[in-house]
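Student: The structure is given below, and queries will be raised subsequently.
Readers should treat all values here as calculations from the given coordinates under stated rules, not as data from a laboratory. These numbers were taken from a predicted model, which means no experiment stands behind them. For neighbour counting, all protein chains shown are included, and Cβ atoms are generated from backbone atoms with ideal geometry for every residue, glycine included.
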Amino acid sequence: MVEEFDLENKGKNNELVGGQNKDQDSILPAKITFDKLISPKRIVEELNKYIHGQDVAKKTLAMSFYQKANNYLQGKLDIVKSHTLLAGADNTGKETIVRTLANIQNVPFVKIDFYNYYGKDLTTFMITEIMKSIIDYNENDDLIFKENTPLSIIYFDGLDILGSNEFYKVNDSVNNFSKESYQREFSRLLEKDIVIAEDSEGNVITTGDMLFIGVGRFKRLEKIIEQDITGAYRPGFKIVASYPESKYFKKEEVFKFAKPKHFEEFGFLPKLYGDFPNMTYTSELKEEDFIKILKDKNSYLNRKIIEYKELYKKDIKFTKKGLITLAKKLLKNGSNAGGIKQLVDETFQPLIYEPPTNSEIIINKDHIETTIGEKSFRNAYKQYVKNR
């Protein structure tokens, strides 16, 4: 007997498993007015509706935002800064978490990509990027703010390149700045008194109204910490006596042990890493995470099944091994939401090209193997040789 998964009725009302969603705007909650700031616990509960896993990152970011927003609403100075470093591999949902948090609390999300920075005045570059997202002009050509509140989340993507010597070799030839000059200039923007924009009524937005999230892979920092903990690059081994907080650690958990000396060896000045008192991380997706994505009732796979059923009047069922095989393919490819769409489309290609005659279609391990990956490539190559 074939063990089947009725995917259309499985899962919670979400699609993300610490990954990215190309259709995110369509699933976001009704926007919460900012004067109804919700608690960190509620923020995490809202994030859980749209993002599986990544609990460590969600909790840290929720706390950072709540602290910043609460101080802002009460007109208090940030005695302790809330700015946060977010580390993690590509396609682990770093941007998705922060974007969804911004949407939940109805605050602007501004992304500044350091990978696009080259040979420009750093202050001008960043202020220009921020202004693009928070200002507009009315019919009288007066400057106005796009959002009702000046509080914004600024997402610095690729911030870890500020610790790279290669970055300074490229940009020094243009601006003749040293590593120290660049980092001090960047740190200055994280202070509270830099005016970003002023509208026609005299209202201003300053950097003190912003929560800064510094994001990157931080691979070299990860290795520096691991080597300090174990004396070698050996995730999963026992922690030495100088780190008694845990007996064992996972690869992505090493950031919990980050200390000032690690950042200095990485290439950050004390002033720079001091501006980001919080640090969190995202974990790489596992096979079980991809299975949750695929089984979710709002996933791309389920939407494809429903679309096929409506078009061809045929039911589609996945066997347990078929679903696991598809998840393994996604894991091997290091897929995000775009990768999921690609492999799901490949799975359906032969069914669309030549629809089966039977009313119910079973997708098993062999179907996945013959339509995706090495086996499908070998079959295509054989066909190519045959037709020459």
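Student: Shape of segment 249-324 from its Cα gyration tensor (a ≥ b ≥ c, root eigenvalues): rounded if a/c is under 1.5, otherwise prolate when a/b > b/c, or oblate? Mind dumping the intermediate values first?
Tutor: Values: a/c = 6.06, a/b = 3.24, b/c = 1.87.
Prolate, because a/c is 1.5 or more and a/b exceeds b/c.
Student: Still on this structure, I have one more. State, to one decimal in nm, how far the label point of K49 lies from the label point of E264, with both points 7 Å from Cα in the Cβ direction.
Tutor: Each label point lies 7 Å from its Cα, and together they span 4.7 nm.
Student: Fully extended, how many nm does the chain gain between K328 and D345 (0.36 nm per residue separation, minus their Cα-Cα distance)?
Tutor: On the way: separation 17, 0.36 × 17 = 6.12 nm, distance 1.60 nm.
Gain on extension, K328 to D345, equals 4.5 nm.
Student: Oh, and also: If Lys and Arg each add +1 and Asp and Glu each add -1, what is the summed charge of the other residues whose beta carbon sits under 13 Å from the beta carbon of E265?
Tutor: Working: positive: R220, K223, K259, K261; negative: E222, E226, D228, E264.
Value of the local net charge: 0.
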